[in-house]
Amino acid sequence: MSKKPDILIAATHLFAAKGFKETSTAELASIIGAAESTIFYHYKTKEEILLAVLKSIREELLHEFERHYAEEQFPNGLALLEDTISYYFQLAGAKPETFQLLHHRFPYELATVNPVCRDHLEAIYTCFIDLFETAIRAGQKDGSIVPNSTRKSAMIVFAMIDGLVRFNSHQLYDAGALYDELLASCRRMLGSTANPS
């Protein structure tokens, strides 16, 4: 049985907790109960492990959102947007290591010299922004959100939400305490005073 999934799970936890440079492949091998050669059988370098982790994060988070949306019905685009905001917070709480890793500095430093890393990070954030843009576009179509630049609005909404999640990741503030104010700010920015439900 392949150790690849175990390597990616353990690497996500270690990179999130310790950082990239501070994580050794020997420690990673110890956590998964395998020889270090097993790690290098699957991945040539630690950098390659990080790239695989980022790819896995994108696939996993996109799958989570797709599954969530398949189970829900929304009366309008504003309700979809607010649910997307809420679910983003839920995922961040359920998968703290994933978001801690995304909020570390090292992936972005690597992205400046590694185009594959940059592509993975862009794909992750594009995926999130697309979800918010889809909701905003739906709200503009049904009248629950006023017409405006959907992409720019989605990027601003996402930046506010992810900023609060970063506060949580770094244990600076409780993002949940600001949730109602965040929704109110999004409604004001998008020109909506409608009740989402």
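Before moving on, here are some points about what is shown:
- With a Cα cut-off of under 30 Å and a minimum spacing of 8 residues unless on different chains, the lysine pairs in the chain number 28.
- The smallest convex shape that holds all Cα atoms of the chain, its convex hull, gives 123 Å³ per residue.
- Spherically averaged projected area of segment 98-144 from its Cα convex hull (nm²): 4.0
- Surface composition of segment 28-128: carbon and sulfur make up 51 percent of the accessible area, probe 1.4 Å.
- The listed residues ASP180, ASP162, once ranked by accessible area (1.4 Å probe) with the largest placed first, stand as ASP180, ASP162.
- Annotation: per residue accessible area for segment 1-133 equals 49 Å², rounded to a whole number [probe 1.4 Å, protein chains only].
- Accessible area (Å², 1.4 Å probe, nearest 10) - ILE129: 20
- Computed over segment 54-94, the percent of Cα pairs more than 12 Å apart is 64.
- Working note: Karplus 6.51/-1.76/1.60 with θ = phi - 60° gives segment 20-29 the couplings 6, 5, 7, 8, 9, 5, 5, 5, 4, 4 Hz, where Gly and Pro are set to x.
- Take MET155: with every protein chain present and a 1.4 Å probe, its accessible area is about 100 Å².
- Computed with the Debye formula from one identical point scatterer per Cα of segment 79-184, without solvent, the log10 of I(q)/I(0) at q = 0.13, 0.20, 0.23 Å⁻¹ comes to -0.52, -1.09, -1.28.
- Rolling a 1.4 Å probe over the protein chains gives VAL165 an accessible area of about 10 Å².
- Trypsin sites (Lys or Arg not before Pro) restricted to segment 31-114 and DSSP loop, no more than 16 other C-beta within 10 Å: LYS44, ARG105
The values are calculated or read from the model by the stated rules, or taken from the named source; none is laboratory data. Remember, predicted model here, so these are calculated numbers, not experimental data. For neighbour counting, all protein chains shown are included, and Cβ atoms are generated from backbone atoms with ideal geometry for every residue, glycine included. Side chains included, ligands, DNA and RNA excluded: accessible areas come from the protein's heavy atoms. Shrake-Rupley method; radii C 1.70, N 1.55, O 1.52, S 1.80 Å.
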